[in-house]
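**Q** Sharing a structure, written as structure tokens. Questions coming.
The values are calculated or read from the model by the stated rules, or taken from the named source; none is laboratory data. Quantities reported herein were computed from a predicted structural model and do not represent experimental measurements. Note that each Cβ is placed from the backbone with ideal geometry, even for glycine, and that neighbours are counted across all protein chains shown. With ligands, DNA and RNA removed, areas are computed over all heavy atoms of the protein, side chains included. Shrake-Rupley method; radii C 1.70, N 1.55, O 1.52, S 1.80 Å.
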Amino acid sequence: MCAGASGRHVSVMWKTVSEDCNLACDYCYYSTCGGKPGKINRIESSLLDTFMKGYMRQTSGVAAFTWQGGEPLLAGLDFFEEVVSLQAKYAPPHTVISNSLQTNGTLLTDKWAAFLKSYNFLVGVSLDGPQEIHDARRVDALGQGSFNGVLKGIGHLRQHGVDFNILTVIHKGNVNKAAELLDFYKRENFDYVQFIPCMDFRSQETDRPGVYEITPEEYGEFEAFDIWYNNGSPDMSIRFFDNMMGVYMNAEAELCIHRSVCPDMLVLEQNGDAFPCDFFINEEWKLGNVGVQSLKELLSSPVYREFKSLKPRLPEPCRTCEWKSLCHGGCPRNRAWSDNRMSSDPDYFCASYKKIYAHADERMKLLAAKLRREQFKKNVDRYLKGHAPGRNEPCACGSSKKYKHCCMESM
């Protein structure tokens, strides 16, 4: 994350090896190589150096990078050693640099894990549940399941104390098995989990409707909330519910789908082509190339402005929806737009979200009130010597709102 045009904080997602991947998952929304990558096309050193130098010039104390693919580990350990070297070379003094990496886990080794720990990478590992579920669709070019390889890779991460989370695609094979998935995660001590619905389109196909393999009804019936809630004492992190809880605690959602505006970010292809979002990767939405244009030029392009205007153009039903503060219209990619993009239908999963929100609402309010009281007291005791903040000071619950607009009446 850096401060780009107008002082905005901009994060970077880089498709490290473009579509190259050693797996052939049948639902992949991006790669088309079928698990046979051939010659690996990784980011050129000169391009990496040029971008890192320009990006770090714009930082305001924080720089955030996400490395994806394809399978980013195919770029090789020497590539990521070059990455962290250039980050250190060009970052202003005292810059906080964060790196996250999304992997299928099968290429992780002891050496990789030691490196990832040394530079505090946060690692996302793709795992669709127990072996019979995972291996049905996450296979290599020969059709062999990848479950054992993934668990072996996770073992290396654990041995070195690398922070990691689990990314699970929800599809026809597991959408009715929420309890089985969560029981498996708890047995394996996977405490941080994210669910994403299985797409029925590729990110490059922006002309295709944003529809998914599972129906809104099926997604709405994915019965994970009650297990996560755990009688008011959640003992694992599920990103969707964590984001909901954040809103109930007067904070903004972290997940881009449920924020009021799309975050400022650049999604970069291996060759440096820049796009505004991972779901908008084609020529129509190309901003330019980081080897040619500056960060300021890319962020001020008419294409970027048009993209940023999409999410706030809420469909009519969303404007008065009781759940607007939780959803904000969902993802622009999941709306069916008019030809001039001035209006759209609600998000494909609108009915799903409404069902989940209604089911969880009362218990979320109770849990949020409990957590806010606990956090308020802890921060008052630790930082304010037992005294409540002033009415115009930041609330001690951590919401970033003024005390008078947050907890003053309830404390």
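**Q** Give, in nm to one decimal, the length gained when the segment between residue 62 and residue 159 is fully stretched (0.36 nm per residue of separation minus the Cα-Cα distance).
**A** That pair, residue 62 and residue 159, stretches by 32.0 nm at full extension.
**Q** Additional query: Place a +1 charge on the Cβ of each Lys and Arg in the range 225-293 and a -1 charge on the Cβ of each Asp and Glu, then give the dipole magnitude about the Cα centre in debye, rounded to the nearest 20.
**A** 100 debye
**Q** Could you work out how much longer the chain between residue 107 and residue 223 gets when fully extended? Use 0.36 nm per residue separation minus the Cα distance between them, nm to one decimal.
**A** 38.5 nm
**Q** Rounded to the nearest 0.05, what FRET efficiency is calculated for residue 27 and residue 411 with R0 set to 51 Å and r the Cβ-Cβ distance?
**A** 0.60
**Q** Sticking with this structure for a sec: Using all alpha carbons of the range 60-212, what is the percent of pairwise distances in each 10 Å bin, ordered from the shortest bin to the longest?
**A** Going out from 0 Å in 10 Å bins, the range 60-212 shows 10, 35, 33, 18, 4, 0 percent.
**Q** Which sequence of 119, 30 reflects their accessible areas, 1.4 Å probe, from the largest down?
**A** 119, 30
**Q** Net charge near residue 286, counting Lys/Arg +1 and Asp/Glu -1 over other residues with Cβ under 10 Å of its Cβ?
**A** Cβ neighbours under 10 Å give a net charge of -4.
**Q** Which values of log₁₀ I(q)/I(0), to two decimal places, follow from the Debye formula for the range 323-363 at q = 0.25 Å⁻¹ with a uniform point scatterer at every Cα?
**A** So the normalised log intensities are -0.83.
**Q** Which lysines have a Cα less than 22 Å from the Cα of residue 117, not counting those fewer than 8 places away in the same chain?
**A** Result set, ordered by chain and number: 15, 89, 152.
**Q** Heavy-atom accessible area of residue 78 with all protein chains present, probe 1.4 Å, nearest 10 Å²?
**A** My reading of the accessible area for residue 78 is about 80 Å².
**Q** May I pose another question? Please report the net charge: other residues with Cβ closer than 14 Å to the Cβ of residue 45, K and R +1, D and E -1.
**A** Here the count lands on -2.
**Q** For the chain, take the alpha-carbon Rg, divide it by the Kirkwood Rh, and send me Rg/Rh.
**A** Rg/Rh for the chain comes to 0.95.
**Q** Further question: For every other residue with a beta carbon closer than 13 angstrom to the beta carbon of residue 91, add +1 if it is Lys or Arg and -1 if Asp or Glu, then tell me the sum.
**A** Surrounding charge for residue 91 is +3.
**Q** Separation of the range 112-167 and the range 272-348 by C-alpha centroid, Å?
**A** A separation of 32 Å, based on Cα centres.
**Q** Under the rule a/c < 1.5 gives rounded, and otherwise a/b versus b/c splits prolate from oblate, where does the range 305-405 land using the Cα gyration tensor?
**A** Since a/c reaches 1.5 and a/b is larger than b/c, the shape of the range 305-405 is classed as prolate.
**Q** Follow-up question, since we're still on this one. Describe numerically, in nm with one decimal, the distance between label points set 7 Å from Cα along Cα→Cβ at residue 316 and at residue 361.
**A** Reported label-point gap for residue 316 and residue 361 is 2.3 nm.
**Q** Please give, to one decimal in nm, the separation of the simple spin-label points placed at residue 260 and residue 231, each 7 Å out from Cα toward the Cβ.
**A** 3.9 nm
**Q** Ok, one more. Calculate, in nm to one decimal, what residue 239 and residue 53 gain on full extension: separation in residues at 0.36 nm each, minus their alpha carbon distance.
**A** Extra length available between residue 239 and residue 53 comes to 63.7 nm.
**Q** If you don't mind, another one. What nm value, rounded to one decimal, do you get for the distance between residue 385 and residue 132 when each label is placed 7 Å out toward the C-beta?
**A** 6.4 nm
**Q** Can you tell me the relative contact order of the range 11-310? Whole percent, Cα pairs under 8 Å, sequence separation 6 or more.
**A** About 18 percent, as a whole number.
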